[in-house]
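Below: one structure in structure tokens.
The values are calculated or read from the model by the stated rules, or taken from the named source; none is laboratory data. Note that this is a predicted model, so its numbers are computed, not measured. As a convention, Cβ positions derive from the backbone with ideal geometry for all residues, glycine included, and neighbour counts pool all protein chains shown. Note: accessible area is taken over every heavy atom of the protein model, side chains too, but ligands, DNA and RNA are not part of it. Shrake-Rupley method; radii C 1.70, N 1.55, O 1.52, S 1.80 Å.
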Amino acid sequence: MPLVTSTEMFKKAYDGGYAIGAFNVNNMEIVQGITEAAKDLNAPLILQVSKGARAYANHTYLMKLVEAAVIETQLPICLHLDHGDTFETCKSCIDGGFTSVMIDASSKPFAENIEITKQVVEYAHDHGVVVEAELGTLAGIEDEVKVSAEDSSYTRPEEVEEFVSKTGCDSLAIAIGTSHGAYKFKPGTKPQLRFDVLEEVSKRLPGFPIVLHGSSSVPQEFVEKINHFGGNMPGAVGVPEDQLRKAASMSVCKINIDSDLRLAMTATIREFFAEHPDKFDPREYLKPARQAIKEMVAHKIKDVLGCDNKA
Ligand code: G3H
Ligand code: 13P
Ligand code: ZN
């Protein structure tokens, strides 16, 4: 089976009240950990690559790793550009074999966001590729862009119909209180996503797939493990998983998770070195790290996204 677009996945997810996991990939062990979990659970999958990942690992290496995962798993896998910042970056991924791209012009004024998104949609659709766009701004860090909590803004539901009809985008990322990275909410606070905004958006865009970025839950066990084994992470709080499950049962069809995989991988490697200070073979510490990613993804698929047995 070749790489697929997210069109069919989203249709089934919308109707079935679940979401597809979109996990960020940067190297072989991450690709393997994610795809082995999805294979065991027979789950459809979106693997996404950021501009930073392309700069780190190289487009062709990532492409070939994902193609290998398709052969190994026989699963429907969509390869997606995460946070494309320009038409040129999106074009390069479309020309280079991705089946989905995000154009993130959410920090630009509304009219400009429409203009650049429309340009990407026209090129992508001509090449059989689907496009995710974004309205509203999330707090946090993505590539070199840092948005402070004060500068973030919820999506304005009254803008979504005009945006979608003028751009022709295939899915829409919205801001309802999630944010990127491990430090989403102050320790001690009880995060609450704005389900009223999600409901209003869904009412205005019936049947249309909605995307949530910044959806890591920052499990405390991993933060504690990192700190126990020599790390120094300040208090970190993520998005409660029960709220993500609720969003997945509504119109949210794609949920982006990256930081939780980073935490699982780093905590495991720190533990390994603390317990085996004499070891230096990368295979010995990357093997448990890959297993930790696999377990994290399996948990997300079964307990949060609800997409197990939906491939
Ligand atoms: O939203 C951003 C993703 O977590 C990717 O992060 O830009 O550091 O690769 P990155
Ligand atoms: P997290 O940092 O919450 O994992 O979000 C990842 C993301 O949105 C990738 O686009
Ligand atoms: Zn994101």
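Given the options A53, A13, A69, A22, name the one that is of a type in the set (A, V, I, L, M), outside any strand (DSSP E or B) and either within 16 Å of ligand 2 (Cβ to nearest atom) or in contact with a His (Cβ under 9 Å, 6 or more places away or on another chain) (or both). Talk me through it step by step, then tell me what you get.
On the way: A13 fails: either within 16 Å of ligand 2 (Cβ to nearest atom) or in contact with a His (Cβ under 9 Å, 6 or more places away or on another chain) (or both); A69 fails: either within 16 Å of ligand 2 (Cβ to nearest atom) or in contact with a His (Cβ under 9 Å, 6 or more places away or on another chain) (or both); A22 fails: outside any strand (DSSP E or B).
Unique residue meeting the criteria: A53.
Please work out which residue is surrounded by the fewest Cβ atoms within 10 Å (Cβ to Cβ), limiting yourself to region 161-184 and to residues that are farther than 15 Å from G207 by Cα and within 13 Å of ligand 3 (Cβ to nearest atom). Before you say what the answer is, go through the steps one by one.
In the first step, residues of region 161-184 are kept if they are farther than 15 Å from G207 by Cα; the result is 162-163, 166-167, 174-184.
Then keep just the ones that are within 13 Å of ligand 3 (Cβ to nearest atom); that gives 174-175, 178-181, 184.
On the way: I174: 27, A175: 24, T178: 28, S179: 24, H180: 23, G181: 19, K184: 25.
This residue is G181.
Kindly list, by first and then second residue, each pair from a residue in region 76-92 that is under 18 Å from S6 (Cα atoms) to a residue that is surrounded by 22 or more Cβ atoms within 10 Å (Cβ to Cβ) and among the hydroxyl-bearing types (S, T, Y), limited to pairs with Cβ atoms under 6 Å and residues at least 6 apart or on different chains.
Close Cβ pairs satisfying both conditions: C78/S6; C78/T99; C78/S100; L79/T99; H80/S100.
Considering only region 19-57, state which residues are aromatic (F, W, Y) and within 15 Å of the chain's Cα centre (by Cα).
Once the filter is applied, which keeps residues that are aromatic (F, W, Y) and within 15 Å of the chain's Cα centre (by Cα), region 19-57 yields only F23.
Also, I was wondering about something else. Scan region 5-45 for residues that are without any contact (Cβ under 8 Å) to a residue 60 or more places away in the chain and within 16 Å of ligand 3 (Cβ to nearest atom) and report the count.
Count: 2.
Can we say D143 is open to solvent by 50 Å² or more (accessible area, probe 1.4 Å), within 16 Å of ligand 3 (Cβ to nearest atom) and modelled with pLDDT of 95 or more? Even if it seems obvious, please write down each step before you answer.
Values: open to solvent by 50 Å² or more (accessible area, probe 1.4 Å): yes; within 16 Å of ligand 3 (Cβ to nearest atom): yes; modelled with pLDDT of 95 or more: no.
Here the answer is no, as D143 does not meet what is asked.
In the set G21, G84, which member is within 26 Å of I116 (Cα to Cα) and within 16 Å of ligand 1 (Cβ to nearest atom)? Working first, answer last.
Numbers: G21 fails: within 26 Å of I116 (Cα to Cα).
Result of the check over G21, G84: G84.
Something else: Among the candidates G235, G230, which residue alone is modelled with pLDDT under 95 and open to solvent by 40 Å² or more (accessible area, probe 1.4 Å)?
Numbers: G230 fails: modelled with pLDDT under 95.
Only one candidate qualifies: G235.
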